[in-house]
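*Asks:* Sending over a structure as structure tokens; questions will come in a sec.
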Amino acid sequence: MRPPMKRVNYNIGDKVEVCSREQGFVGSYYKATIVSCLQNEKFMIRYENLLSDDESGPLNETIHRRELRPLPPRVRNPPEFHLKQKVDVFDNDGWWLGEITSEKTLYEDYYYYKVYFNTTDQMIYYPCDQIRGHHEWIYGEWILEK
């Protein structure tokens, strides 16, 4: 039996992450702020890193509650990630779920990991400062994937 889902009460000004459902961006999350609470479980949000089509300012969008999650807890990354560990990588203005596929590699004074993304079937090297441990939002609680 599943535990009861904890319901998050979102308010104007809350910082959240928004799940993209757009083709080519599935599996990515973008930081935003709630600017208005609308009817029928909908919210107007303003993205932190995404711009409007005319690039005149931050993109605002109306989204449904199921596309929101609170910001993951800030935790210190481990000294090293391990093979097959789920991680989030910051790229293209958002966080993307991936899996570590190589040991830490030193290149031009920076350490890198190769990360595999199953949504795009790509493997890309990223510096450690663009990687965070992956947390999964399950039944209204953050669970750190190890």
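*Asks:* I'm checking my understanding of the structure. Among residues of segment 79-132 that are assigned to a strand (DSSP E or B) and among the β-branched types (Val, Ile, Thr), which one is surrounded by the most Cβ atoms within 10 Å (Cβ to Cβ)?
*Replies:* Step one: of segment 79-132, the residues assigned to a strand (DSSP E or B) are 86-91, 94-100, 105-107, 110-117, 122-127, 131-132.
When the remaining residues are screened for being among the β-branched types (Val, Ile, Thr), the result is 87, 89, 100, 105, 115, 124, 131.
On the way: VAL87: 21, VAL89: 22, ILE100: 21, THR105: 11, VAL115: 26, ILE124: 16, ILE131: 22.
Out of the qualifying residues, it is VAL115.
*Asks:* For residues in segment 17-60 being in a loop (DSSP other than H, G, I, E, B) and closer than 27 Å to ASN118 by Cβ, which is most open to solvent (accessible area, probe 1.4 Å)?
*Replies:* As a first pass, look at segment 17-60 and keep what is in a loop (DSSP other than H, G, I, E, B): 20-27, 38-41, 52-57.
When the remaining residues are screened for being closer than 27 Å to ASN118 by Cβ, the result is 20-27.
Details: SER20: 20, ARG21: 136, GLU22: 119, GLN23: 169, GLY24: 53, PHE25: 74, VAL26: 77, GLY27: 24 Å².
Going through the qualifying residues, I end up with GLN23.
*Asks:* List the residue pairs whose Cβ atoms are under 9 Å apart, where the first residue sits in segment 7-35 and is hydrophobic (A, V, I, L, M, F, W, C), the second is at pLDDT 95 or above and in a loop (DSSP other than H, G, I, E, B), and the two are 6 or more positions apart or on different chains.
*Replies:* Here the result reads VAL8/ASP14; ILE34/ILE12; ILE34/GLY13; ILE34/ASP14; VAL35/ILE12; VAL35/GLY13, each pair linking segment 7-35 to a residue that is at pLDDT 95 or above and in a loop (DSSP other than H, G, I, E, B).
*Asks:* Provide a single number: the residues in segment 133-146 that are surrounded by 15 or more Cβ atoms within 10 Å (Cβ to Cβ) and not aromatic (Phe, Trp, Tyr).
*Replies:* Total satisfying the criteria: 3.
*Asks:* Give ARG74, ARG69 a once-over and let me know the one that is assigned to a loop (DSSP other than H, G, I, E, B) and within 17 Å of GLU17 (Cβ to Cβ). Give the derivation first.
*Replies:* Values: ARG69 fails: assigned to a loop (DSSP other than H, G, I, E, B).
Answer to the selection: ARG74.
*Asks:* For segment 91-125, what are the residues that are in contact with a strand residue (DSSP E or B) (Cβ under 8 Å, 6 or more places away or on another chain), among the hydroxyl-bearing types (Ser, Thr, Tyr) and under 23 Å from ALA32 (Cβ atoms)?
*Replies:* THR119
*Asks:* Let me ask another. Kindly indicate whether PRO73 is out of contact with any Cys (no Cβ under 7 Å at 6 or more places or on another chain), at pLDDT below 90 and over 26 Å from VAL8 (Cα atoms). Don't jump to the end; show me each part of the working.
*Replies:* On the way: out of contact with any Cys (no Cβ under 7 Å at 6 or more places or on another chain): yes; at pLDDT below 90: yes; over 26 Å from VAL8 (Cα atoms): no.
In short, no.
The values are calculated or read from the model by the stated rules, or taken from the named source; none is laboratory data. This structure is a prediction, so every number in the text was calculated from the model and none was measured. Note: ideal-geometry Cβ built from the backbone for every residue, glycine included; neighbour counts use all protein chains shown. All accessible areas refer to the heavy atoms of the entire protein, side chains included, with ligands and DNA or RNA removed. Shrake-Rupley method; radii C 1.70, N 1.55, O 1.52, S 1.80 Å.
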